Amino acid sequence: MKTFHRIRKYHRFYRVMRYFAQHPAWLHQLISFLYQHTSWLRQLLEWMGPKLRWTKYLNPFHYIKKIDWYIIKKFIGTYIYSILLIISISIVFDVNENLAKFTQYHAPLRAIVVDYYMNFIPYFANLFSPLFVFIAVIFFTSKLAGNSEIISMLAAGISFKRLMRPYMISCIFISVLSFFLSAFIIPHGTVIRQNFESMYKNKKKDTSADNVLLQVAKGTIASIQHYDNNMKKGYGFSLVKFEDKKLVSHMTAMEIQYDTIADSKFHWKASNWKIRELKGLREHITSGSTKDTLIMMEPTDLVYSKGQQETFTSPELSDYISKQIDRGSGHVVQYQVEYHKRIASSFASFILTIIGLSLSSKKRKGGMGLYLGIGLALSFIYIMLQTVSATFAINAGAPPMLAAWVPNFIFAIVAYFCYRQAPN
């Protein structure tokens, strides 16, 4: 039956096409009618054509010429190649260093490959991305200069400023990718990698806290004598509420358990609880065995472990920072430094690319060995400045945003000096 209907459908289509073939005058009249009555539309399009010529400048590919594509492919290709080369060497050294621990703690092969190294690679590749950018720029630009390609471009009338265009376009791609990885992808992988290290490399994490005191809301203070993060359970819990500097409620519980399967956050279950409510000179006491309650705190607010800020995505970092500032917490500087460092590090590609291009665009005797050495030195100085400035912010009270951007400011001055000395 389906075949019969399909044949009838094609037969009807064939009859319609045969009708138009046998009566072409009707179709010609229709086209002529539309042409005559749409002259206003053609005139409008002819008038708008010259007016909208500027829209071609909105097309980003309008600015990318054949020479730009040539340099972009060289840049991105060398960047990826350098990442694969250095990360491969890093993995070999890491396997050699940790093989005994993997064997000692019976780490399965799938966990080693998927949980550890699949998250190890993007973390370290993004961490040393400025180094890879610098090496890539110096490597292939020195090769272009050695083959007299840079000289040919400048002799053809291309200015040094115009020569920088494909480099900057490549940096846009690298910077966006670097920020996306550090802000959204790598934090989730860091959680998995740290769990693997605590299980199979015996890297102990802080899983408990004693005598925790924090402000969970305005006028509401919570305290826990001991908290176990593995069980998500606290002992010796107390919650005090104040209104106009007067005590209005005091809740105590022997144990408090965080509800990890609740639909929303901040769900806790109190055991052996008692609530004292004060209204003037009267006191009302209620108690019970278990009670579900909402308390504006989470396990991440109670236990701080080293490197915990790296496990938050940027939106989570922003929310966590604002929440901790409202609570008056002192453990917020490292989170602010991490938040600003992710943005500042993505801009480092532009600065280091200008320095690398300015240094390696001249054809010199001795090849690229000197430039690679300078590139490695400057890249490690940049990473060292990041570490030192972050330490000043955490321990010496320096502004976190300034600490994250200081390496960029210093290297921007160096980049400007190199650019001014570059050949025109």
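The values are calculated or read from the model by the stated rules, or taken from the named source; none is laboratory data. This structure is a prediction, so every number in the text was calculated from the model and none was measured. FYI the Cβ positions are ideal-geometry reconstructions off the backbone, even for glycines, and counts take in every protein chain you see. Heads up: the accessible areas ignore ligands, DNA and RNA and are worked out on the full protein's heavy atoms, side chains in. Shrake-Rupley method; radii C 1.70, N 1.55, O 1.52, S 1.80 Å.
For region 292-351: of the residues being farther than 22 Å from Ala125 by Cα and of a type in the set (Lys, Arg), which is modelled with the lowest pLDDT?
Among those that are farther than 22 Å from Ala125 by Cα and of a type in the set (Lys, Arg), it is Arg327.
Looking at region 176-194, which of its residues are within 16 Å of Ser345 (Cα to Cα) and not aliphatic (A, V, I, L, M)?
Ser178, Phe179, Phe180, Ser182, Phe184, Pro187
Just give me the residues in region 379-393 being over 20 Å from the mean Cα position of the chain (by Cα) and among the β-branched types (Val, Ile, Thr), in sequence order.
The answer is Ile381, Val388, Thr391.
Would you point out which residue out of Ile76, Ile80, Ile186, Ile89 is open to solvent by 10 Å² or more (accessible area, probe 1.4 Å), among the aliphatic types (A, V, I, L, M), in contact with a Phe, Trp or Tyr (Cβ under 6 Å, 6 or more places away or on another chain) and assigned to a helix (DSSP H, G or I)?
Step by step, each of Ile76, Ile80, Ile186, Ile89 is checked, and only Ile186 is open to solvent by 10 Å² or more (accessible area, probe 1.4 Å), among the aliphatic types (A, V, I, L, M), in contact with a Phe, Trp or Tyr (Cβ under 6 Å, 6 or more places away or on another chain) and assigned to a helix (DSSP H, G or I).
Is there a residue in region 364-386 that is at negative phi, surrounded by 15 or more Cβ atoms within 10 Å (Cβ to Cβ) and among the basic types (Lys, Arg)?
No, because not a single residue in region 364-386 is at negative phi, surrounded by 15 or more Cβ atoms within 10 Å (Cβ to Cβ) and among the basic types (Lys, Arg).
May I ask you to verify whether Lys265 is more than 24 Å from Asp228 (Cβ to Cβ), modelled with pLDDT under 90 and not acidic (Asp, Glu)?
Taking the combined requirement at face value, the residue does not satisfy it.
Among the numbered criteria (1) in contact with a His (Cβ under 9 Å, 6 or more places away or on another chain); (2) closer than 26 Å to Ile72 by Cα, which one does Gln421 miss?
(1)
Of everything in region 123-134 that's open to solvent by less than 40 Å² (accessible area, probe 1.4 Å) and at pLDDT 85 or above, which residue is farthest from His188 (Cα to Cα)?
Looking at the filtered set, the residue picked out is Phe134.
What about Tyr258, is it farther than 30 Å from Phe179 by Cβ and touching a Gly at 6+ places or on another chain (Cβ under 6 Å)?
For Tyr258, the condition - farther than 30 Å from Phe179 by Cβ and touching a Gly at 6+ places or on another chain (Cβ under 6 Å) - is not met.
Name the single residue that is least open to solvent (accessible area, probe 1.4 Å) among those in region 156-171 being among the aliphatic types (A, V, I, L, M) and under 14 Å from Ile71 (Cα atoms).
Within region 156-171, the match that is least open to solvent (accessible area, probe 1.4 Å) is Leu163.
Within region 142-155, can one find any residue that is buried (at least 21 other Cβ atoms within 10 Å of the Cβ) and over 24 Å from Ile86 (Cα atoms)?
Among the residues of region 142-155, at least one is buried (at least 21 other Cβ atoms within 10 Å of the Cβ) and over 24 Å from Ile86 (Cα atoms), which makes the answer yes.
Kindly list the number of the only condition in (1) at pLDDT 80 or above; (2) closer than 25 Å to Phe179 by Cβ; (3) polar (S, T, N, Q) that fails for Ser361.
Going through the list (1) at pLDDT 80 or above; (2) closer than 25 Å to Phe179 by Cβ; (3) polar (S, T, N, Q), Ser361 breaks only (2).
Just to be sure, is Phe411 modelled with pLDDT of 80 or more and open to solvent by 70 Å² or more (accessible area, probe 1.4 Å)?
Values: modelled with pLDDT of 80 or more: yes; open to solvent by 70 Å² or more (accessible area, probe 1.4 Å): no.
No, not satisfied.
So which residues in region 197-221 are more than 30 Å from Asp94 (Cα to Cα) and not in a loop (DSSP other than H, G, I, E, B)? Step through it out loud before you land on a result.
Taking region 197-221 and keeping what is more than 30 Å from Asp94 (Cα to Cα), we get 209-221.
Within region 197-221, Ala209, Asp210, Asn211, Val212, Leu213, Leu214, Gln215, Val216, Ala217, Thr220, Ile221 qualify.
What are the residues in region 92-115 that are surrounded by 13 or more Cβ atoms within 10 Å (Cβ to Cβ), charged (D, E, K, R) and at pLDDT 90 or above, if any?
Asp94, Asp115
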